[in-house]
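Taking it in order: structure first as structure tokens, then the write-up.
The values are calculated or read from the model by the stated rules, or taken from the named source; none is laboratory data. Just so we're clear, the structure is a prediction, and the values are computed from it rather than from any experiment. Glycine gets a Cβ as well: all are built from the backbone with ideal geometry, and neighbour counts include every protein chain shown.
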Amino acid sequence: MPDVTPFEEEIVKPEVRIIEEADLRDNPDVLAELREGGDFVERRVAPVTTEIRSEGDGSWTLVGHAAVFDSRSQSLGGFHEVIQRGAFRKVLRQDGLDVRALFNHDQNQVLGRTTNGTLTLTEDPKGLRYEVNVADTSYGRDLRVLLERGDVTQSSFAFKVGKDGQTWSDEEDGTMLRTITEFGDLVDVSPVTYPAYSATSSSIKPEGMVIKHSSSSESEQATGGAVEQPGTQADSQPRRADEEGAHRHRVRRLRLREKRAA
């Protein structure tokens, strides 16, 4: 499990750990921790649309959404997740809120920061919008190339949620739905390589040109589900069924444990 970075230590206590999505899978103990709430940081990747605006001094501005409202995540290990509208309102009003923009959550690749005005965070009807003025650094230039090529198409954010900032409900397939109603802290926002939520897209807008990269879920919606990779559908269906069965088994174990504890 990754250590808390030096940048995150200024907001989060050093003993607080980070829960990645990989930690949630096949781990009912971590799922139980989420339901109870605790002093830990979580990371998620969300559906986004990103654009680039060139600045006259050689820098450029990256605009996008690190999180979106009302978008059901893929399975996170026995549960799905949705962010409720207004969930960022309180945390964005905190005095002295200090959030970084990083590439791939790497503290060595700082893109911007709220305290010096190079990163701006707002809640709009779509979700958590970020705007970062990226300096003309080597990794900043590299990131721009990756965005324009479509190699990087998602954004992520690191956050904290208290017990009172979430609700849990049962779904028809035997899994659970976590609804985040209020965030306790924001640590960073970050363009990232790998997605967590399935419906992802990115549009790049350098000097008036728009390039859009759609996820497989968006392509299927546009074509009625006719877009396929040869051989992948037959291979993926049994695997998804096995995963869903394992998720339901973990949920039953968790509920049995909660009943015994009560």
Subset tally (residues that are on the phi < 0 side of the Ramachandran plot and modelled with pLDDT under 80) for region 39-66: 10
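Somewhere in region 9-18, is a residue part of a loop (DSSP other than H, G, I, E, B), over 18 Å from the mean Cα position of the chain (by Cα) and modelled with pLDDT of 80 or more?
Start the filter on region 9-18 by keeping residues that are part of a loop (DSSP other than H, G, I, E, B), which leaves 10-17.
Subsequent filtering for residues that are over 18 Å from the mean Cα position of the chain (by Cα) retains 10-16.
Filter once more, keeping what is modelled with pLDDT of 80 or more: none.
No: region 9-18 contains no residue that is part of a loop (DSSP other than H, G, I, E, B), over 18 Å from the mean Cα position of the chain (by Cα) and modelled with pLDDT of 80 or more.
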Considering only residues that are surrounded by fewer than 17 Cβ atoms within 10 Å (Cβ to Cβ), over 30 Å from residue 148 (Cα atoms) and within 15 Å of the chain's Cα centre (by Cα), which ones fall in region 58-88? 84
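Yes or no: region 130-137 includes at least one residue that is of a type in the set (Phe, Trp, Tyr) and in contact with a helix residue (DSSP H, G or I) (Cβ under 7 Å, 6 or more places away or on another chain). Give the derivation first.
Filtering region 130-137 for residues of a type in the set (Phe, Trp, Tyr) gives 130.
Add one more test, that the residue is in contact with a helix residue (DSSP H, G or I) (Cβ under 7 Å, 6 or more places away or on another chain), and what stays is none.
No, that holds for no residue.
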Would you mind telling me which numbered condition in (1) within 15 Å of the chain's Cα centre (by Cα); (2) modelled with pLDDT of 50 or more; (3) assigned to a loop (DSSP other than H, G, I, E, B) residue 199 fails? (2)
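For region 89-140, give me every one of the strands (runs of 3 or more DSSP E) that falls completely inside it and has 3 or more residues that are polar (S, T, N, Q).
Details: elements: 100-103, 106-113, 119-123, 127-134.
Of the strands (runs of 3 or more DSSP E) lying wholly inside region 89-140, those with at least 3 residues that are polar (S, T, N, Q) span 106-113.
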Only one of (1) under 21 Å from residue 53 (Cα atoms); (2) surrounded by fewer than 20 Cβ atoms within 10 Å (Cβ to Cβ); (3) in contact (Cβ under 8 Å) with a residue 12 or more places away in the chain does not apply to residue 111, and that is (2)
